[in-house]
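Trainee: Below is a structure I'd like to ask you about.
The values are calculated or read from the model by the stated rules, or taken from the named source; none is laboratory data. The model shown is predicted, which means the values in this text are computed figures rather than measured ones. Note: ideal-geometry Cβ built from the backbone for every residue, glycine included; neighbour counts use all protein chains shown. Just so you know, the surface numbers come from the protein's heavy atoms only, side chains and all, with ligands and any DNA or RNA stripped out. Shrake-Rupley method; radii C 1.70, N 1.55, O 1.52, S 1.80 Å.
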Amino acid sequence: MLVITICVGSSCNIRGSDELATVLQRCIEKEHLEGLVDIVGAFCMDNCSQGVSVRVGDRTFSGIRPADGEAFFYREIIGLVDNPLRPPEGKAP
């Protein structure tokens, strides 16, 4: 299972961590990835001055805005998920 950790500390919360989690959860549902991707919260990931911090697997990203959540999902997350329901890239279903 791929784990997405979103900082929910006070600074990230003010900058939209809850909204970002909602956007990412909608993407997970849209792509039928329930059970393959999990979103969890973490208190302070030590990047407070850079905006909402997100850890995907072993990589950490900072400054992710809720408005950029869907693009972030398709750029950084979906390719890491082994989903048998999704055809390989470049192949039609």
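Trainee: Pick the calculated Kirkwood radius over Cα pairs in Å for this structure from (1) 13.5; (2) 13.1; (3) 14.5?
Mentor: Of the labelled values, this structure produces (1).
Trainee: Right, next: How many percent of the accessible area of the chain is carbon or sulfur, using a 1.4 Å probe?
Mentor: Using a 1.4 Å probe with all protein chains present, the chain comes out at 50 percent carbon and sulfur.
Trainee: Rounded to the nearest 20 Debye, what is the dipole magnitude of the chain about its Cα centre when Lys and Arg each give +1 and Asp and Glu each give -1 at the C-beta?
Mentor: It comes to approximately 160 debye.
Trainee: Excluding Gly69 itself, calculate the net charge of residues whose Cβ lies under 11 Å from the Cβ of Gly69, where each Lys or Arg counts +1 and each Asp or Glu counts -1.
Mentor: -1
Trainee: Something else now. Taking only protein heavy atoms into account and a 1.4 Å probe, give the accessible area per residue of the chain in Å².
Mentor: Normalised by residue count, the accessible surface of the chain is 61 Å².
Trainee: Pairs of Cα atoms under 8 Å, at least six residues apart: use those to get the relative contact order of the chain, whole percent.
Mentor: The normalised contact order for the chain reaches 36 percent.
Trainee: Please list, in order along the range 3-10, the HN-Hα scalar couplings obtained from phi with the Karplus expression 6.51 cos²θ - 1.76 cosθ + 1.60 (θ = phi - 60°), rounded to whole Hz, x for Gly and Pro.
Mentor: 10, 9, 10, 10, 5, 10, x, 4
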